[in-house]
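Read the figures in this text as sums done on the coordinates, not as results from a lab. Bear in mind that the values here come from a model prediction, so they are computed numbers and not experimental data. As a convention, Cβ positions derive from the backbone with ideal geometry for all residues, glycine included, and neighbour counts pool all protein chains shown.
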Amino acid sequence: MNDIKLEITSTKNLLAFSAGIDSTALFFLLIDNDISFDIAIVDYNQRTQSKDEVIYATQLAHKYQKRCFISEYPKELAFSEKNARDYRYSFFDEIMKENSYGSLLTAHQLNDNLEWFLMQFTKGAGLSELLGMQKSTYKNGYYILKPLLDYSKNDLKAYLDQTTKKYFIDESNYDEKYKRNYFRHNFTDELLDNFQDGISKSFKYLELDNCSLFDGVVEDKVDNLTTFTFNGDINIAIRLIDKELKKRGIIISHKTRVEISEKKELVVSHLIAISIQENKIYMAPFLDNGMEKKFKNKCRINKIPKIIRPYLFTLYEKGLFSF
């Protein structure tokens with residue numbers, strides 16, 4: 001395990017650190033691979049142990065000459081898994097932008113990937129939703145990398161134990177009131193104990209299949225306008241729309257997906273205008289502003305959907321769009 005070569009080529013990285021097994025293993029694997037990085041940790045003030053975890057983070061940072069960013073979860077903000085995740089990624093996002101980091105490294109591993117897969121599977125999901133964890137995604141101007149997805153928690157624990165590295169165990173990981181813990185203790189851990197090699201290979205094959213589905217898709221962005229050129233398959237269109245809406249913080253229901261499929265043009269949550277025309281998808285903020293007659297005529301000639309034209313006109317006025 002300590003001979004693994006991490007697939008990371010970026011030179012300015014920020015590691016999301018917690019002092020648990022996963023992020024501690026990634027910390028030392030980055031050291032082993034001579035990959036430069038700094039660390040960031042959030043103290044949620046939910047456990048007395050969290051103070052020791054922050055101290056450990058600062059000690060590691062000092063020893064290995066890393067910058068260490070620390071944030072405390074606001075006492076006035078109600079604690080929940082969603083609120084904690086939103087706060088954590090908002091904190092990371094701020095650091096990434098202020099310090100021009102190119103990649104955010106997270107220590108998600110094979111157990112996490114399988115937990116997500118099973119949770120989505122039981123809710124009703126397509127291939128793209130089942131494969132929610134990818135080794136590399138681009139968001140908010142930087143990459144989010146998950147270099148440990150091929151390795152189980154047991155692999156990472158064995159690496160730390162063999163190299164006598166200190167780590168912490170978060171007792172909340174055993175509380176089955178959290179859905180992910182229920183899946184972990186009742187399904188994921190036992191499945192991986194018995195079928196890790198096969199499960200790992202299946203994820204690789206599924207990821208290749210998923211990539212093949214979207215082969216040839218071309219995405220273009222101008223400000224908050226997103227367009228996709230695709231093969232005309234409505235199922236692919238819905239997957240692309242669903243993924244883009246999630247980037248914008250909007251989760252749509254099965255009913256809305258069906259409505260988009262049937263109408264091909266819709267305003268979602270009174271916010272985002274969507275239009276599907278043959279092999280092209282348009283997505284932009286929904287506006288109802290006036291437009292010049294000359295602009296309208298050019299849109300008609302160029303077959304720009306009516307629902308998209310008002311936002312396109314704002315880009316036109318800013319000099320960000322021309323026919």
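Which pairs break 24 Å Cα to Cα here: 5/204; 75/135; 204/243; 246/293; 264/298; 5/146? Show your work: numbers first, answer last.
On the way: 5/204 18 Å; 75/135 33 Å; 204/243 20 Å; 246/293 34 Å; 264/298 22 Å; 5/146 13 Å.
75/135; 246/293, as the Cα separations exceed 24 Å there.
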Exercise for review: Under 13 Å Cα to Cα from residue 166, which aspartates and glutamates show up? Leave out anything in the same chain fewer than 8 places away.
Suggested key: 22, 52, 53
Practice item. Taking just the C-alpha trace of the range 218-317, give me its Rg and Dmax in Å. Key: 13.1, 39
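Using mean Cβ contacts within 10 Å as the protection proxy, how do 233-245, 179-191 order, highest first?
Working: 233-245: 17.8, 179-191: 16.2.
Ranked by mean Cβ neighbours within 10 Å, highest first: 233-245, 179-191.
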Exercise for review: Select from the chain the helices, each a whole stretch of DSSP H, whose alpha-carbon atoms run 15 Å or more along the helix axis and whose Kyte-Doolittle mean is at least 0.0; answer none if there are none.
Suggested key: 21-32, 234-247
Revision key, fill the gap. Between the residues 276, 218, 254, the Cα farthest towards the positive end of the dipole of the range 218-317, that dipole coming from +1 and -1 charges on the beta-carbon of Lys, Arg, Asp and Glu, is from 276
Study note, to complete from the structure: Per the charge dipole of the chain (beta-carbon charges, Lys/Arg positive, Asp/Glu negative, Cα centre), the residue among 68, 163, 126 reaching farthest to the positive end is 126
Practice item. Give me the distance between the Cα centres of the range 117-148 and the range 10-79, rounded to whole Å. Key: 23 Å
Practice item. Mind checking the range 1-54 for trypsin sites (Lys or Arg not before Pro) that DSSP puts in a loop (not H, G, I, E or B) and that have at most 10 other Cβ atoms within 10 Å? Key: 5
Review point. Tell me, how many Å apart are the Cα centres for the range 262-298 and for the range 157-174?
Key: 51 Å
Point to revise | Rounded to the nearest 20 debye, dipole of the range 13-207 from Cβ charges on Lys, Arg, Asp, Glu | key: 260 debye
Check your understanding: Hey, any idea what the orientation-averaged projected area of the convex hull of the chain's Cα atoms comes to, in nm²?
Key -> 19.1 nm²
Point to revise | At q = 0.10, 0.11 Å⁻¹, base-10 log of I(q)/I(0) for the range 165-296 (Debye sum, equal scatterers on each alpha carbon) | key: -0.55, -0.63
Check your understanding: Does the range 69-203 come out rounded, prolate or oblate, given a ≥ b ≥ c as the square roots of the eigenvalues of its C-alpha gyration tensor, rounded meaning a/c under 1.5 and, failing that, prolate meaning a/b above b/c?
Key -> rounded
